[in-house]
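Okay, so here's the structure we're looking at.
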Amino acid sequence: MKRKLLILSSIIAAVVVAAGFVLIPVARERARRSRCMAPLECCFRKAMLMYAMDHQGAFPPNFAALADSYAANAILYICPSSGTQPGALANVDEWMDYIYIHWPDGENTPTNYPWVYERRLSHHGGGIQIAPIQGPAFWDEGAQWLQKFAREHPELIIPMPEDLP
């Protein structure tokens with residue numbers, strides 16, 4: 001009886017250890033996604049709204065316009081998982097890890113439209129973070145939502161992530 005109990009407890013311990021090896025990387029990646037999502041949800045959105053208030057409801061033409069006065073920390077423009085090194089804020093649109101879509105209608109743009117999202121799928125293993133004009137940023141596995149949005153709105157120019165197959 002003791003032998004069976006010892007074997008059973010050894011099997012349970014092995015399963016727990018194996019599950020830990022599977023769950024730890026998953027938890028680590030979710031933490032990275034959260035760190036990447038934070039600038040999208042708080043910093044960029046607030047900076048964009050402050051810019052719009054100062055410019056009669058118009059959204060900035062690019063991220064460099066935000067970098068001047070509203071979001072002047074280069075670290076904000078980099079996904080923590082990417083390994084990208086920040087460059088000069090004057091040319092932030094060339095090196096940042098996000099794609100910004102300028103909506104000329106500003107505050108009249110439908111709130112579900114995306115305005116910033118990740119430039120590459122590979123930062124987080126096959127998906128991107130997307131921030132709509134209003135509402136929470138969300139995870140888009142394989143950029144499926146973004147591709148569907150682009151198909152539904154062919155009149156809009158929606159750049160796709162660089163490494164989309």
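From the list M50, M96, the lone residue that is among the aliphatic types (A, V, I, L, M), out of contact with any strand residue (DSSP E or B) (no Cβ under 7 Å at 6 or more places or on another chain) and under 19 Å from I158 (Cβ atoms) is M96. With respect to (1) within 16 Å of K46 (Cα to Cα); (2) touching a Leu at 6+ places or on another chain (Cβ under 6 Å), the lone exception for P161 is condition (1).
Looking only at residues in region 114-133 that are assigned to a loop (DSSP other than H, G, I, E, B) and in contact (Cβ under 8 Å) with a residue 40 or more places away in the chain, which one is farthest from L49 (Cα to Cα)?
G125
Annotation note: Cβ proximity below 8 Å between a residue of region 42-63 that is closer than 19 Å to Q129 by Cα and a residue that is of a type in the set (D, E) and surrounded by 12 or more Cβ atoms within 10 Å (Cβ to Cβ) (sequence gap 6+ or interchain) occurs for N62/D93; F63/D93.
Every read-out reported here was derived from the displayed coordinates using simple, explicitly stated rules and does not represent laboratory data. Since we're looking at a predicted model, the values are computed, not measured. For neighbour counting, all protein chains shown are included, and Cβ atoms are generated from backbone atoms with ideal geometry for every residue, glycine included.
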